[in-house]
Amino acid sequence: MKNTITRFHYRGSLKEEYSDAELSDAISRCTASAQNLIDNREAMTIALYHYKRMLFLYVEAIGEERRPEEFCSSLTPYMQLWPGINESRIWADMYHIYYHAVPESIEDWKRPTKPALQRGRIAFLYPDKLYSYIHHHLAIVREGRLTGDKYQSIALHENILFSYFEEPKTMLNIRRDSSLASEAINEWLAVDPESHFIHLPECKGENFMFLPAYFAVQQ
């Protein structure tokens with residue numbers, strides 16, 4: 001439906017054989033294509049972040065899904081293929097597992113003012129803690145009582161979490177009733193959340209590390 005917002009997350013991987021000038025030009029063309037989707041009201045937010053050769057793309061599509069292979073085709077020559085069941089692909093879908101709000105309409109999802117910051121972060125989970133993390137975070141979402149950033153969104157691929165959020169934060173919960181207390185969050189806290197995360201030196205002691213953005217565009 002044209003009046004719906006759906007959030008999508010994708011992961012890509014750059015090859016090693018390209019020049020900085022070539023990649024910069026490809027990013028510029030991808031940015032322009034993303035802005036065109038925004039201007040044509042086919043998307044509300046598109047943001048691309050990177051860590052080493054890994055790419056993480058966040059898209060708020062208006063109506064149908066906007067695949068990155070279409071609007072970021074300029075990056076295709078510089079990206080590796082992911083093997084798939086039927087065919088290889090440039091961008092791997094990430095699984096949307098955690099959020100504090102569900103877009104009810106375009107009007108509901110519009111920001112009253114442009115956010116000061118559009119942030120992208122990633123975290124790495126220990127393989128033996130992966131299902132524990134998924135179990136507890138899906139439970140929090142199903143319960144819908146935990147208040148957090150309206151625009152925060154966390155997706156998973158392999159053992160990597162990609163989080164998008166904005167600052168300043170707009171606080172809300174899925175049920176849109178702040179009087180409700182979450183019981184599911186207490187169950188998550190009881191299983192030692194810190195033990196789930198691989199803390200790389202770049203994380204500086206935190207579970208998630210912030211990523212630089214190639215671009216972030218928004219209505």
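The values are calculated or read from the model by the stated rules, or taken from the named source; none is laboratory data. Source: prediction; values computed, not measured. Using ideal geometry, Cβ is built from the backbone for each residue, glycine included, and neighbour counts are taken over all protein chains shown.
Restricting the first member to segment 1-22 and to residues that are free of Cβ contacts under 8 Å to residues at least 24 places away in the same chain and surrounded by 13 or more Cβ atoms within 10 Å (Cβ to Cβ), and the second to residues that are hydroxyl-bearing (Ser, Thr, Tyr) and part of a helix (DSSP H, G or I), no beta-carbon pair is closer than 6 Å while six or more apart or on different chains.
Select, from PRO201, PRO212, the only residue that is more than 19 Å from the chain's Cα centre (by Cα), closer than 30 Å to LEU75 by Cβ and not aromatic (Phe, Trp, Tyr). Talk me through it step by step, then tell me what you get.
Numbers: PRO212 fails: more than 19 Å from the chain's Cα centre (by Cα).
Only one candidate passes the filter, namely PRO201.
Identify, please: which residue in segment 70-90 is of a type in the set (Phe, Trp, Tyr) and out of contact with any Gly (no Cβ under 9 Å at 6 or more places or on another chain) and is, among those, farthest from GLU17 (Cα to Cα)? Among them, the one singled out is PHE71. I'd like to verify a number: residues in segment 34-64 that are acidic (Asp, Glu) and under 27 Å from PHE210 (Cβ atoms), how many? Count: 1.
The requirement of being assigned to a loop (DSSP other than H, G, I, E, B), acidic (Asp, Glu) and over 24 Å from ILE46 (Cβ atoms) is fulfilled nowhere in segment 157-165; no residue meets it. Within segment 1-22, being at pLDDT 95 or above, out of contact with any helix residue (DSSP H, G or I) (no Cβ under 6 Å at 6 or more places or on another chain) and not hydroxyl-bearing (Ser, Thr, Tyr) holds for ARG7, PHE8, HIS9, ARG11, GLY12. Only residues that are surrounded by 20 or more Cβ atoms within 10 Å (Cβ to Cβ) and hydrophobic (A, V, I, L, M, F, W, C) were counted in segment 91-111, giving 4. Taking helices (runs of 4 or more DSSP H) as the structural unit, those lying wholly within segment 9-116 and holding at least 1 residues that are polar (S, T, N, Q) and out of contact with any His (no Cβ under 8 Å at 6 or more places or on another chain) correspond to 20-39.
Could you say which residue among ILE62, ILE85, ILE27 is surrounded by 17 or more Cβ atoms within 10 Å (Cβ to Cβ), of a type in the set (A, V, I, L, M, F, W, C) and more than 30 Å from ASP177 (Cα to Cα)?
Details: ILE62 fails: more than 30 Å from ASP177 (Cα to Cα); ILE85 fails: surrounded by 17 or more Cβ atoms within 10 Å (Cβ to Cβ).
One residue alone meets the criteria, ILE27.
LYS114 meets each of the listed conditions (1) surrounded by fewer than 13 Cβ atoms within 10 Å (Cβ to Cβ); (2) touching a residue at least 60 places away in the same chain (Cβ under 8 Å); (3) more than 23 Å from SER163 (Cβ to Cβ); (4) of a type outside the set (Phe, Trp, Tyr) apart from (3).
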